[in-house]
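The values are calculated or read from the model by the stated rules, or taken from the named source; none is laboratory data. Everything numeric in this text was worked out from a predicted model, so none of it was measured. Ideal geometry is used to build each Cβ from the backbone, glycine not excepted, and the neighbour counts take in all protein chains shown. Heads up: the accessible areas ignore ligands, DNA and RNA and are worked out on the full protein's heavy atoms, side chains in. Shrake-Rupley method; radii C 1.70, N 1.55, O 1.52, S 1.80 Å.
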Amino acid sequence: TVYAKLKSNGQVDYLSVTEHLLNDEKMGKLVAPNALMNVENLNGFEGFVLENNNLVWDAQGKDIYYSGEAKEELPVAVEVTYYLNGEEKSLEEMLGKSGKVEIRLHYTNSSKVGDLYTPFVAAVATTLLEEQTRNVEVSNGKAISNGRTIAVTALAAPGLYDSLKLDELKSLDDVVIKYETENFELMDVYSVVTPKVLDSNDLKIFSELDGLYADADELSDGS
C-alpha cells in the first residue's frame, strides 16, 4: 500500500510504502527486493540486513509488516486548481473569502501497456461545514448532509476514455466540486486509487469520515 501526502496543488510532499511479507511456510528468513529508505518494522522487533539491494529479514517464522520512504513517481498524479467567482486563484488568495468556489481535481494516468491505460479508479472524499456552505455540486459523485457537515464523494477513472474512446467517459479524468461559502477553508481531501473495480467494501471508509471529523471536533472543543 502506497501512502502519499500531497500539497494543496497536488504535488507530492511525502511518499511512503507499507509492505506485508506473508510467511505461510514459517521460514526463518524472508528476502524482499528493496527500493525504500528508512525501513522500519511495524509489528515486531525482527531485524534485517541489506544484501544486494534486498532486505533479508530475520523473520523467525512470522509475517513481516514494514514501511519505508519512496522516491518513485506515482502512476496516477493529480493537479488541483481553485476558482473563486469564476477566476482561478491560489489557495492563499481564497482562504477566508466568500463567494462561489470551484475545486477541480485533474487526474493523470501514466501507467500504460500498448494503447491501453492501467484501469485505475480514484475514489475521492472530503467534508464541508454545513453552517458556511450551500448549493454543493460534485461531478461523478454526490454530496450528503447530516445537518452539521456535508460529505462529498466522487469517482474518477483517468485514462479510461483514451483507452475506450467512449464519449460518456470523457469527464472521468476530473472531479469538480462547486459550492457557495461565506468563509472558505480547505478541508482534508482523500483519494483512494486502486487498479481494480471498487465495491461496497472499498467505499465503507468514506461513510466513516464524517464520524471521524465529528469526533475530532468534540475532542477539540473539550480541550
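Values computed for the structure shown
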quantity	calculated
GLU72 vs. criteria part of a strand (DSSP E or B), charged (D, E, K, R) and either under 22 Å from ALA156 (Cβ atoms) or open to solvent by less than 60 Å² (accessible area, probe 1.4 Å) (or both)	no
Output for the stretch 114-160, where each listed residue is crowded, with 20+ Cβ neighbours inside 10 Å and at positive phi	GLY159
Any hit, the stretch 122-135, residues being modelled with pLDDT under 95, in a loop (DSSP other than H, G, I, E, B) and of a type outside the set (A, V, I, L, M)	no
Residue within the stretch 82-101 that is farther than 30 Å from THR181 by Cβ and assigned to a strand (DSSP E or B) present	no
Filtered residue count, the stretch 11-38, keeping only those that are in contact with a Lys or Arg (Cβ under 8 Å, 6 or more places away or on another chain) and hydroxyl-bearing (Ser, Thr, Tyr)	1
Test: residue in the stretch 102-111 that is open to solvent by 60 Å² or more (accessible area, probe 1.4 Å), more than 22 Å from TYR14 (Cα to Cα), in contact (Cβ under 8 Å) with a residue 12 or more places away in the chain and not in a strand (DSSP E or B)	no
Subset tally (residues that are part of a strand (DSSP E or B), open to solvent by 50 Å² or more (accessible area, probe 1.4 Å) and among the hydrophobic types (A, V, I, L, M, F, W, C)) for the stretch 44-69	3
Hits in the stretch 38-47 - residues which are in contact with a Gly (Cβ under 9 Å, 6 or more places away or on another chain) and either more than 13 Å from GLU19 (Cα to Cα) or among the basic types (Lys, Arg) (or both)	ASN38
Some residue of the stretch 63-70 being hydrophobic (A, V, I, L, M, F, W, C), touching a strand residue (DSSP E or B) at 6+ places or on another chain (Cβ under 9 Å) and in contact (Cβ under 8 Å) with a residue 40 or more places away in the chain	yes
Given (1) under 17 Å from VAL192 (Cβ atoms); (2) part of a strand (DSSP E or B), number of the condition PRO119 does not satisfy	(2)
